[in-house]
Amino acid sequence: MKPLSLLRHSFEHGVHPAHHKAQTEDLPIQRVPFVKDYVMPLGQHIGVPSRAVVVAGERVRRGQIIAEPGGFVSTALHSPVTGTIREVGNFRGADGRFAPAIAIEADPFATQQVDAGAAQDWESLSLEKFIEAVQMAGIVGLGGAAFPSHVKLSVPDGVRIRHLLVNGAECEPYLTNDHRLMVERPDALLDGAEIVRQKLGAEETIIGVESNKPDAIEIIRRHIQPGQPVRVVPLKVKYPQGAEKMMIKSVFGKEVPAGQLPRDVEVNVNNVGTIVAIADYFLRGLPLIERVLTVAGPGVTYPANLVVPLGTPVREVVRFCGGLKGESREIIMGGPMMGRPIASLDVPVLKGCSGVLVFTEAETARRKEYPCISCGRCLEACPYFLNPSRLARLSRARMYDAMKAYHVFDCVECGCCTFACPSSIPIVQLIRTAKDDLTHRKEPEE
Amino acid sequence: MNKKDPDLLLFHAPLLRQGMTTPKAMRDVIYALLPATAASIWFFGLSALLLLGASIAGAVLAEWLFDNGQRRGESLRDATAVLTGLLLGLTLPPGLPMWMAFLGGFVGVSLGKVIWGGLGHNLFNPALLGRAFLQATFPIAMTTWVVNSYGGEFTSVYASSLALPFMQSGIDSVTAATPLGMLKFDQEVTPLANLMFGKINGSLGETSGVLLLLGGIYLWLRRDLDWRIPVSILLTVVLFSAVLSLVDAARYPTPLFSVFSGGLLLGAIYMATDPVTSPVTPRGAWIFGIGVGVLVMLIRVFGGLPEGVMYAILLMNAATPLIDRYTQPRVFGRGADSP
């Protein structure tokens, strides 16, 4: 470990895309009004889809459970509005595929008061009950991956967690939703962190924030109670600082061994949005029925940070922001480095949707692709020290099996290689193709 | 929404790209070479200009003729053919007949690049392959060095430059030996200042050490070259000759003489760093550079030729795939291994 990298709180390699955060970083979080139609896909988290427990025609209240966990790696879903179940069926999702979902029509005359429990006595809950409560609150990782939080918090016997790491890096360009949450709700963040820390039995909470958010660092520090074991660690501004293994390297100087989890180095990592959601559930009785997201990009008329009820169509979110500019060409859910493009404005906002970014011709113009000249820029960008140049060549040649020896499955698809490539080779896309083939290919029977 | 929705594109993330492109990087190398090129034209007069033009024309013609792209000439836009021609030209003796330079450029691009599959697929540096071809076919012309007039006879053109193809014209100009030749065959040492500022005889590009270094710094600032390669080559050469001068200061070159004489700077900064033909891994770059440095010194000191940069780089080019294979970086969270 280089002493220098420890001092600057960073990992090695990575890239420096322009931040593009000035557009929204000072805009307070606004609440979007309720609209008429909502769609709640049953599979909006990683893992087993939820199981619907309502039928068409049934009246539901805002915050009421409409689907229960379909297994351990699955969470509950709650109605984002008071209204009527219109249909339980298949709807086109963000990836263009039809998938099971619950369509809800809002009651225009309802007060939209959240009808859920009040604050819970979390201190007296056993760890088991606590984890079950997180699952039933529908809480997933809100940084973008949407991995069920209760699974992350379930630590096997014999494994000790010493540090709770709260991820406020927000290294994706354009996004400022976590930034605003830290600035506007530092108390909820600290309360949520305290709940999780105590339940995990961790010694200390560390909140990692990229140093381009000095106001957030300052405000959180000011709200820390005397004696509270919380530290805010400013991190170097570098993508992908918010990737959990990179952040652990930045803060603790430790590498999480390949194929293992943060808990194997006694750390538990959660996004700031997730921590606030946990605070909202245990202190206010509010399950995960809405989330904060950033609407930005050159194609949006009025960029904003918004609280959006889950299931709201992107069309309504964009309309609230003054609509699309004429030259809009592509809409990304999430950040520009790792987000996913959507094919239709009717796609609903999901739990994992940290942003709605609208790009124009300038950002989406196809750059001419040149052959790989082995310049090595991708090797110097890859935070996992892979050889993306070699992986891309092998993928092009469809030599997917040979890619395993180059540790293709260690790739987290952060996109640094594609960003850095002067030949405009879609390196990470080629790697995804190979991983997909290796994972899903069925060997022909002899 | 009353308006029709836009037809949305579905390009996959990341949508953001940094600004450098491959043609820009190639053009940067050309820009970096311009001061040294201008100096060589000043030193050797219009002959130098004609020679560079001829080798570039040969390289461009081969690229254009054998282009298998959709549109003929498309691949010329990445500027690599011009760069190959320019680099080759800079390695040639100033009085070389133009037609030979043209042929060298043509062979360099066609046999050195196109038949391998074009840009990015070649094993050997095309400019050096072209030079090796000329060295093998025209050994006398390739080792005849006209005297550096240092700008004095700018407008005169050597008669040998204009020789017709396959006609040997007698060498009419005053010829002289290069500093490395003088050292090797006459045990005569050239003053360092002359080496650094070009008051020497030699091929076009090896006469202005300082300008070549400046261009290298420009490329390093633009992140266009892997600094490990020139640094490791030059360090190896310095160390190697430091040891030799300790053994016998009279017989062997001093470290600074070794660095500034011959084509070492041109080769180390502009040719060994050709990304296509040098290792892609950081550790590989060090091994490659050390290998070039050692071979240069072995050929210069113990070989039959006064200069060895070309063969040193070509030999290490051949070793590049092997070096890459055994120098894979250590993956995050894993121990050392290689596939």
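The values are calculated or read from the model by the stated rules, or taken from the named source; none is laboratory data. Given the structure is predicted, the values throughout are model-derived calculations rather than measurements. Cβ: placed from backbone, ideal geometry, glycine included. Neighbour counts: every protein chain shown.
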Which residues, counting only those in segment A:382-392, are more than 9 Å from every other protein chain (Cβ to nearest Cβ) and either within 27 Å of A:SER250 (Cα to Cα) or at pLDDT below 95 (or both)? A:PRO388, A:LEU391
Where in segment A:116-203 are the helices (runs of 4 or more DSSP H), entirely inside, with at least 2 residues that are farther than 26 Å from A:SER250 by Cα? A:127-136
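I'd like to know if segment B:16-28 contains one or more residues that are away from every other protein chain (no Cβ under 14 Å) and farther than 30 Å from A:ILE332 by Cβ.
No, segment B:16-28 contains no residue that is away from every other protein chain (no Cβ under 14 Å) and farther than 30 Å from A:ILE332 by Cβ.
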Which residues, taken from segment A:183-201, are surrounded by fewer than 22 Cβ atoms within 10 Å (Cβ to Cβ) and small (Gly, Ala, Ser)? A:ALA188, A:GLY201
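For segment B:8-56, how many residues meet the condition of being under 19 Å from B:MET196 (Cα atoms) and among the small types (Gly, Ala, Ser)?
Just the residues of segment B:8-56 that are under 19 Å from B:MET196 (Cα atoms), to begin with: B:32-44.
Restricting the remaining residues to those that are among the small types (Gly, Ala, Ser) gives B:32, B:36, B:38-40.
Residues in segment B:8-56 being under 19 Å from B:MET196 (Cα atoms) and among the small types (Gly, Ala, Ser): 5 in total.
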Mind checking which helices (runs of 4 or more DSSP H) fall wholly inside segment B:230-339 and carry at least 3 residues that are in contact with a helix residue (DSSP H, G or I) (Cβ under 8 Å, 6 or more places away or on another chain) and within 14 Å of another protein chain (Cβ to nearest Cβ)? B:282-302, B:309-326
Residues of segment A:322-369 satisfying the condition of being facing chain B (nearest Cβ under 9 Å), aliphatic (A, V, I, L, M) and closer than 27 Å to A:THR274 by Cβ: A:ILE331, A:ILE332, A:MET337, A:MET338, A:ILE342, A:LEU357
Which of (1) more than 25 Å from A:VAL15 (Cβ to Cβ); (2) crowded, with 16+ Cβ neighbours inside 10 Å does A:GLN241 not meet, given it meets every other one? (1)
Counting only residues that are of a type in the set (Lys, Arg) and more than 13 Å from chain B (Cβ to nearest Cβ), how many does segment A:237-256 have? 1
Identify, please: which residue in segment A:257-272 is within 14 Å of chain B (Cβ to nearest Cβ) and in contact with a Gly (Cβ under 7 Å, 6 or more places away or on another chain) and is, among those, nearest to A:ALA145 (Cα to Cα)? A:ALA258
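Residue by residue through segment A:397-412, note down the ones that are among the aromatic types (Phe, Trp, Tyr) and either more than 10 Å from chain B (Cβ to nearest Cβ) or surrounded by fewer than 17 Cβ atoms within 10 Å (Cβ to Cβ) (or both). Step through it out loud before you land on a result.
So the first thing to find is which residues in segment A:397-412 are among the aromatic types (Phe, Trp, Tyr), and the list is A:400, A:406, A:409.
Listed by number, the residues that qualify are A:TYR400, A:PHE409.
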In segment B:247-268, what residues are at pLDDT below 90 and among the aliphatic types (A, V, I, L, M)? B:VAL247, B:ALA249, B:ALA250, B:LEU256, B:VAL259
